[in-house]
Structure formats: structure tokens, C-alpha cells
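To start, the structure under review is shown below, and the notes come after it.
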Amino acid sequence: MSKKVIRFGVIGCGLMGKEFASAVSRWIHLEGLDFIPRIEAVCDKNIDATGWFADNIPTVRLVTSDYNDVLNDPDIDAVYCAVPHNLHARMYVDIISSGKHLLGEKPFGIDKAANDKILAAISANPGVLVRCSSEFPFYPGAYKLSQWIREEKFGKIIDVEAGFWHSSDLDPNKPINWKRQIEFNGEYGCMGDLGLHVLHVPLRYGWRPQNIRAVLSNIIEERPGLHGNLVPCETWDNATLACEVEVKGHKFPMTLSMKRIAPGHSNTWFLKVRGTKMSAEFTTKNSKQLSYLVYQSGDEQSWRTYDVPNVSAYKTISGNIFEFGFSDSILQMWAAFCDELAHGDKMSQPFQCVRPEEAAFSHTVFTAALESYREGKTIFL
Ligand SMILES: NC(=O)c1ccc[n+]([C@@H]2O[C@H](COP(=O)([O-])OP(=O)(O)OC[C@H]3O[C@@H](n4cnc5c(N)ncnc54)[C@H](O)[C@@H]3O)[C@@H](O)[C@H]2O)c1
């Protein structure tokens with residue numbers, strides 16, 4: 001089968017730049033696709049960070065510390081950009097304005113003003129595909145749950161809980177990095193880091209908070225700095241947002257929690273939906289399993305838990321009984337982005353990466369959450 005080659009530049013060769021590149025290198029894991037990404041350019045301000053890419057990806061022909069070199073290259077179609085949050089607005093605007101398609105990272109601007117600039121660039125360049133990364137909905141259990149929401153199997157929604165919990169910040173001796181400094185990470189703190197992961201599925205199905213009451217906490221206020229001395233650790237560690245959602249005249253509560261300090265959790269993304277006809281719960285903590293309860297008048301209320309087959313958005317060479325993991329979710333997300341780039345609204349399955357309007361609404365939510373906590377009141381959107 002002839003395949004459309006999508007020529008990528010990677011800007012930001014840190015943790016996520018490498019995850020993306022390794023997914024591209026494993027493209028043969030996917031079956032039956034008529035498109036394939038190829039990384040041709042890599043850029044990092046710290047040129048040493050590009051070494052791993054140049055060593056491991058034979059298709060790389062441009063290595064640079066200036067991202068404009070990637071944007072000026074006429075033979076690059078699309079860019080994956082994974083840089084600190086303070087750089088999102090400038091770089092994303094420049095990428096979009098250069099006519100390159102963009103898969104950016106969350107939070108899609110360090111704050112609402114930065115996100116507004118990105119939205120303006122998108123409006124000015126309607127031919128450019130712009131999406132934001134969010135991989136957890138591609139876990140087979142999450143994908144199935146999301147499909148049930150799309151098919152409206154839950155009846156009247158009773159309530160929803162969505163969250164993303166880490167625990168690596170429990171250790172007070174963990175040195176400071178840019179993700180704990182307002183200048184680079186933004187005032188949203190953990191909401192900017194984890195919140196769009198939590199909101200992707202709810203917003204996709206129109207579960208937009210109408211009002212929000214937030215409780216934010218800064219648990220570890222200082223961390224070792226570059227020289228071992230204690231420096232301020234400024235950003236919010238944990239956030240719990242009690243929201244009210246209204247869909248077709250029916251109101252229900254939705255709790256969103258984003259935690260960098262959740263003892264015992266390394267990378268737990270979860271979604272729990274309870275409805276009058278069906279309830280379901282998925283967590284990456286127990287990623288093989290999906291639990292659900294189907295209910296009709298007079299039925300026993302009996303939860304069932306089963307091992308979900310290894311089936312996500314795009315078919316792979318893996319057997320159905322083999323386990324799915326984080327790097328598989330990244331691969332699936334990339335396939336969704338490339339599918340949309342290659343086929344537009346005729347992509348082979350319906351679940352897209354985060355759309356700009358969803359990222360924009362997450363900024364409305366997090367900005368309201370900051371105000372809610374500061375003022376100690378419920379904010380109406
Ligand atoms: N999707 C996910 O699961 C996930 C996970 C972690 C981080 N992220 C997001 O990815 C982005 C990057 O996070 P990370 O963990 O990869 O950070 P990182 O610190 O590991 O990597 C960032 C890279 O950007 C480079 N950089 C900084 N300034 C630059 C410039 N002017 N030009 C080019 N490169 C520059 C740095 O040198 C560094 O190598 C953030 O937006 C973060 O929120 C997403």
C-alpha cells in the first residue's frame with residue numbers, strides 16, 4: 001500500500017520529544033494505515049538534547065538550536081512542539097503562522113491571555129491543523145468508556161469524576177525544576193500540567209462546567225535548588241474542582257481532581273461516570289480492566305469487571321490479550337493526529353486529539369478555579 005509521508009519537525013527534545021520520536025519509530029506496530037510520519041528535523045535550545053535523536057533516527061537531516069530553522073524549511077509539513085509552558089504562545093503562534101500543522105502540548109499557553117494569542121493565529125490560518133496532545137483516552141478501557149458516552153448508554157447522568165494523580169512530588173528532597181516555578185509553568189500549577197488530560201473526554205461530550213468551586217493546595221513550599229539550598233516551590237500541587245454541568249436541561253455534578261501529591265499514585269488517570277441506566281469506571285492504575293453496571297427497573301445492581309481486549313482507536317499487530325501501556329497510548333494518539341491530517345473529517349475513527357476550542361475552554365475553567373480559590377466563592381462561567 002502506498003503511504004502518505006508526513007514530514008515532522010520536533011521542537012523540544014526533552015521527555016515528551018523523545019516519547020513522540022519513539023512512537024514514530026514504532027509505526028510498524030500499527031496495521032493498515034495509508035500514512036506514516038517521518039521525523040526530519042529536531043530542535044532544542046540545548047543542542048546536546050538533540051544527540052539522542054540524531055543517533056537513533058536515521059531520517060533526521062536537520063539539527064538546530066533555533067526553531068525558526070524548522071519553520072523556514074519548506075520540506076517540513078508538521079511540528080510536534082514540547083517545550084516549557086512560558087514558550088507555548090510564541091512558538092505555537094510562529095509555527096501556525098508558518099503554515100505548518102501543529103500537535104502542541106498542554107496547557108496550550110501558560111495562561112488564558114497566551115491561549116488567546118494561539119487562538120488568534122489559528123483563526124488567521126484556517127488551513128493549518130492544530131491539535132493538543134492527550135493520550136489517556138486511547139487506553140482500550142478509556143476508549144471503550146468514551147464510546148459508551150458517545151452512544152449515550154448512561155441514561156441520565158448522575159455524576160462524573162475525572163482525575164489525574166501523580167505522587168512523585170511527595171518527596172520533599174526532589175530538586176526544583178521548571179514545572180514547579182510560576183515563571184515557566186504558570187500560575188495554574190498542577191491544573192496546567194494535568195488538567196487538560198482530565199477535561200479532554202468530558203469536554204468532547206459537551207460536559208462543560210457552568211460553575212466551579214475550587215480548592216487548591218501548595219503542600220511542599222520549598223525544594224532544593226541548583227546548589228542544594230532551599231528555593232520557593234511556587235506552584236499549586238493539588239487541585240480539586242467541584243463543578244456543575246448542564247446538558248439538555250439536566251444538571252449534574254462533576255468533580256475534577258489534579259494532584260501532583262497523591263501518595264501511592266505514579267500516573268493514575270481515571271474517569272468514573274454514573275448514570276441512571278449504566279455506570280462505568282476506568283483507571284490506568286488497573287489499566288487492563290473496565291468496570292460497568294447496567295441497570296433497568298427492578299434489576300439487581302451488580303458491577304461487572306472484565307479484562308478489556310487490547311483494542312484502541314487503530315488496529316495493531318498485538319494480540320488482543322497482550323497488555324497495553326503508556327507508549328501505546330502515545331502511538332495511538334499520534335495515529336489520530338496523522339489520520340486527521342491525512343483524511344480530514346473522513347478519519348477512520350471518530351476520536352480526535354484535543355481541539356483548540358477544548359483547550360481554550362480548559363483555560364476558562366482553570367482561570368475560574370484560581371479566582372474561586374482566591375475569593376473563596378463559586379464562580380459562574
Ligand atoms: N502528554 C503528556 O503526557 C505530557 C507529559 C509530560 C509533559 N508534557 C508537556 O510537554 C511539554 C514539555 O514537557 P517535557 O516534560 O518534555 O519537558 P522537558 O523539560 O523534559 O523538555 C523541554 C525541552 O524544551 C527545550 N527548550 C527550552 N527552551 C527551548 C527553546 N527556546 N527552543 C527549543 N527548545 C527549547 C528544553 O531544552 C528541553 O529539552 C510541556 O508542555 C508539558 O506540559 C506532556
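The values are calculated or read from the model by the stated rules, or taken from the named source; none is laboratory data. As the structure is a prediction and not an experimental result, all values here were calculated from the model. Positions of Cβ are generated from backbone atoms using ideal geometry, with glycine treated the same way; all protein chains shown enter the neighbour counts.
Could you list, in sequence order, the residues of the stretch 67-101 that are under 19 Å from Tyr188 (Cβ atoms) and hydroxyl-bearing (Ser, Thr, Tyr)? Break it down into steps so the answer makes sense when it comes.
Keep residues of the stretch 67-101 that are under 19 Å from Tyr188 (Cβ atoms), which gives 81-92.
Correct list: Tyr92 only.
Being under 17 Å from Lys106 (Cβ atoms), in contact (Cβ under 8 Å) with a residue 12 or more places away in the chain, surrounded by fewer than 22 Cβ atoms within 10 Å (Cβ to Cβ) and of a type in the set (A, V, I, L, M, F, W, C), is that true of even one residue in the stretch 332-342?
No, the stretch 332-342 contains no residue that is under 17 Å from Lys106 (Cβ atoms), in contact (Cβ under 8 Å) with a residue 12 or more places away in the chain, surrounded by fewer than 22 Cβ atoms within 10 Å (Cβ to Cβ) and of a type in the set (A, V, I, L, M, F, W, C).
For the stretch 280-293, give me each residue that is more than 19 Å from the chain's Cα centre (by Cα), crowded, with 21+ Cβ neighbours inside 10 Å and either among the polar types (S, T, N, Q) or more than 17 Å from Pro202 (Cα to Cα) (or both).
Within the stretch 280-293, Leu290 is the sole residue that qualifies.
Only one of Val10, Val63, Val70 is within 11 Å of the ligand (Cβ to nearest atom), assigned to a strand (DSSP E or B) and not assigned by TED's automatic domain parsing to the domain that holds Lys315. Can you tell me which? Give the steps one after another, and end with the answer.
Values: Val63 fails: within 11 Å of the ligand (Cβ to nearest atom); Val70 fails: assigned to a strand (DSSP E or B).
Answer to the selection: Val10.
I'd like the residue in the stretch 316-331 that is of a type in the set (S, T, N, Q) and closer than 21 Å to Leu103 by Cα and, out of all such residues, is surrounded by the fewest Cβ atoms within 10 Å (Cβ to Cβ). Spell out how you get there, then give the answer.
Quick first cut of the stretch 316-331, residues of a type in the set (S, T, N, Q) only: 316, 318, 320, 327, 329.
Going one step further and asking which of them are closer than 21 Å to Leu103 by Cα, we end up with 327, 329.
On the way: Ser327: 14, Ser329: 25.
If we take residues in the stretch 316-331 being of a type in the set (S, T, N, Q) and closer than 21 Å to Leu103 by Cα, then Ser327 is surrounded by the fewest Cβ atoms within 10 Å (Cβ to Cβ).
Under the condition of being within 12 Å of the ligand (Cβ to nearest atom) and assigned to a loop (DSSP other than H, G, I, E, B), which residue from the stretch 13-36 is farthest from Pro74 (Cα to Cα)?
Our first condition is that a residue be within 12 Å of the ligand (Cβ to nearest atom); within the stretch 13-36, this holds for 13-21, 23.
Among the residues that remain, those that are also assigned to a loop (DSSP other than H, G, I, E, B) are: 13-14.
On the way: Cys13: 21, Gly14: 25 Å.
Checked the stretch 13-36; the qualifying residue farthest from Pro74 (Cα to Cα) is Gly14.
Here's the yes/no breakdown for (1) out of contact with any Gly (no Cβ under 9 Å at 6 or more places or on another chain); (2) away from the ligand (no atom under 16 Å from the Cβ); (3) at pLDDT below 95:
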{"residue": "Ser287", "(1), (2), (3)": "no, no, no"}
{"residue": "Lys315", "(1), (2), (3)": "no, yes, no"}
{"residue": "Cys353", "(1), (2), (3)": "yes, no, no"}
{"residue": "Glu375", "(1), (2), (3)": "yes, yes, no"}
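Among the residues that make up the stretch 37-56, is at least one of them in a loop (DSSP other than H, G, I, E, B), more than 15 Å from the ligand (Cβ to nearest atom) and at pLDDT 95 or above? Write out each step before concluding.
Pass one, the stretch 37-56, residues in a loop (DSSP other than H, G, I, E, B): 44-46.
Now restrict to residues that are more than 15 Å from the ligand (Cβ to nearest atom): none.
So far as the stretch 37-56 goes, no, none of its residues is in a loop (DSSP other than H, G, I, E, B), more than 15 Å from the ligand (Cβ to nearest atom) and at pLDDT 95 or above.
Please give the helices (runs of 4 or more DSSP H) falling wholly within the stretch 80-158 in which 2 or more residues are within 15 Å of the ligand (Cβ to nearest atom). So that I can check it myself, show each step before the final result.
Working: elements: 88-97, 112-124, 140-150.
Hits in the stretch 80-158: 88-97, 112-124.
Hey, can you tell me all the residues within the stretch 52-104 that are crowded, with 20+ Cβ neighbours inside 10 Å and aromatic (Phe, Trp, Tyr)?
Hits for the stretch 52-104 are Phe53, Tyr67, Tyr80, Tyr92.
Just need a number here: residues in the stretch 159-172 that are within 19 Å of the chain's Cα centre (by Cα), surrounded by fewer than 22 Cβ atoms within 10 Å (Cβ to Cβ) and either more than 15 Å from His197 (Cα to Cα) or within 14 Å of the ligand (Cβ to nearest atom) (or both).
Total satisfying the criteria: 3.
Looking only at residues in the stretch 221-242 that are part of a loop (DSSP other than H, G, I, E, B) and among the charged types (D, E, K, R), which one is nearest to Gly195 (Cα to Cα)? Even if it seems obvious, please write down each step before you answer.
Applying the first criterion (part of a loop (DSSP other than H, G, I, E, B)) to the stretch 221-242 yields 221, 225-229, 233-237.
From the residues that got through so far, the ones that are among the charged types (D, E, K, R) too are 221, 234, 237.
Working: Glu221: 21, Glu234: 18, Asp237: 12 Å.
Here the residue is Asp237.
Consider the stretch 271-330. How many of its residues are of a type outside the set (A, V, I, L, M, F, W, C), more than 26 Å from Lys18 (Cα to Cα) and outside any loop (DSSP other than H, G, I, E, B)?
Counting residues in the stretch 271-330 that are of a type outside the set (A, V, I, L, M, F, W, C), more than 26 Å from Lys18 (Cα to Cα) and outside any loop (DSSP other than H, G, I, E, B) gives 12.
Just to be sure I understand, how many residues within the stretch 257-279 are crowded, with 17+ Cβ neighbours inside 10 Å and within 21 Å of the chain's Cα centre (by Cα)?
Result for the stretch 257-279: 13.
Please enumerate the residues belonging to the stretch 182-198 that are crowded, with 24+ Cβ neighbours inside 10 Å and either of a type in the set (Val, Ile, Thr) or part of a helix (DSSP H, G or I) (or both).
Residues satisfying the conditions are Cys190, Met191, Gly192, Leu194, Gly195, Leu196, Val198.
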